[in-house]
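Below is one structure, written out as C-alpha cells; comments come after it.
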Amino acid sequence: MRDLRSPPLTQRDLAGYRVVAVHAHPDDESISTGGALASLAARGADVLVVTCTLGEEGEVIGETYQGLVADEADQLGGFRIGELERACRILGVRQVFLGGPGRYRDSGMVGAPSHANPRAFVNSGEAAVEDLAQLLAIERPHLVLTYGPDGGYGHPDHIRAHEITHAAARRVGGVPRILWAVRLRSDLEASLPADAPAGWSYPAPGELDAVEAADTFVELDDRAYSAKVEAMRSHATQVWIADGYAGQTNPHSVRAAGPVTAYALSNLKTQAVTRREYYQFGEGVELEPGADLLSGIEW
Ligand SMILES: [Zn+2]
C-alpha cells in the first residue's frame, strides 16, 4: 500500500493509477478540476477527460469570433475543440468526446429553446449512459471526478453529466470512488481581488455557486496552479484572464491586483482562481477529511 498522505509533487507516486473526469462542456475540465488533473498527471496518474458536448450554445468573449455563436454561423462547437485540445495538452491529460465529437449537443441554460434539439445532451437517455459505461469498462479508473446532483451550478448539462456518471459506474461496477468538484464559498470569496477590472463587476455575496463545506481538497502547487491558469486561458472564447494578457480571440487586456489570478466568464463577474480545489464525496470508498483524492484506493 502506498503512502499518499504527503507526497512530494515531483515524485511520480501515482504511476499506475487511472483517473477519469466527466465534464459537460469544453472549459469545465480546466475551470472546475484543472488543478487536480494537472497535479494527478504530474504525479504519474493516467488522466482521461470525457467531454459530453462541444459547448455549442456558449457565448463568446471578444469580438473576433462573435460570428461563430449558435444563432449566427453555429461554428462555436468546432472551434472549441481546438481550445480544449490545447487545454488538455497543458494539463497533461488525454481527452475524448462522449460518443465522439458532436454526438451530443450543448443543451443551453435552463429553459432554453435549444433543449428541443434531439441531440441536446439533456435528451441523451440510455445512449449516453451506455457510451460512458463503455469508456469506463475500457479505462477501469480508480477515481472518477464529476459534479454533484445540482451540477455545481444548475446547468442542465452538468446535472446530466452527474446522472450518467453514477449510472454508468453502477452499470460497469468496480469504480472505487466518485468525487464531485465543488467550490468552497469561504475560500472563493476570500480570494477575490481588491479591485475588479474596469467594466467587470463583483458577484454579490452568495451569488457565486459554491458550497459551505467540502470533504477534501487539492492544494495546487505553483506548477499545477499555472497549468490551470494556462489551460483556462486556452478557452479564450469563454474565459478572460485578468493578468494583462491579450490575444487574437480577445484583443483586450485587463489586470486585477490580488494574491491570486482573477478571471471572468462572459457575464464579466470577477472570480478568482483559488489555490485549492475542493471535492465532495460522491460514491464508493470514503476518504478522510482533507485526504489525497486517491487515498485508500489500492491497485
Ligand atoms: Zn459547463
### Task
Please go through region 267-287 and pick out each residue that is in contact with a strand residue (DSSP E or B) (Cβ under 8 Å, 6 or more places away or on another chain), part of a loop (DSSP other than H, G, I, E, B) and surrounded by fewer than 18 Cβ atoms within 10 Å (Cβ to Cβ).
268, 285
### Query
Quick one: residue 134 ticks every box in (1) within 16 Å of the ligand (Cβ to nearest atom); (2) open to solvent by 30 Å² or more (accessible area, probe 1.4 Å); (3) over 20 Å from residue 34 (Cα atoms) bar one, so which box is it?
(1)
### Query
Among the numbered criteria (1) closer than 23 Å to residue 17 by Cα; (2) out of contact with any strand residue (DSSP E or B) (no Cβ under 8 Å at 6 or more places or on another chain); (3) within 16 Å of the ligand (Cβ to nearest atom), which single criterion is violated by residue 59?
(1)
### Query
Any idea which residue in region 157-179 is farthest from the ligand (Cβ to nearest atom), counting only those that are hydrophobic (A, V, I, L, M, F, W, C) and open to solvent by 40 Å² or more (accessible area, probe 1.4 Å)?
172
### Query
Just checking, how many residues over region 255-299 are more than 20 Å from residue 166 (Cβ to Cβ) and of a type in the set (Asp, Glu)?
4
### Query
Which members of region 20-56 meet the condition of being within 13 Å of the ligand (Cβ to nearest atom), open to solvent by 10 Å² or more (accessible area, probe 1.4 Å) and within 19 Å of residue 140 (Cα to Cα)?
none
### Task
Return a yes/no flag: does region 94-110 have any residue that is open to solvent by 30 Å² or more (accessible area, probe 1.4 Å), without any contact (Cβ under 8 Å) to a residue 24 or more places away in the chain and under 22 Å from the mean Cα position of the chain (by Cα).
no
## Note on the structure
If we keep only residues of region 137-149 that are within 16 Å of the ligand (Cβ to nearest atom), of a type outside the set (A, V, I, L, M) and touching a residue at least 40 places away in the same chain (Cβ under 8 Å), then the residue farthest from residue 49 (Cα to Cα) is 148
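The values are calculated or read from the model by the stated rules, or taken from the named source; none is laboratory data. A quick note: this is a predicted structure, and the numbers were derived from the prediction, not measured. Glycine also receives a Cβ, built like all others from the backbone with ideal geometry; neighbour counts cover every protein chain displayed. To get the accessible areas, we keep the full protein, side chains included, count just its heavy atoms, and leave off ligands, DNA and RNA. Shrake-Rupley method; radii C 1.70, N 1.55, O 1.52, S 1.80 Å.
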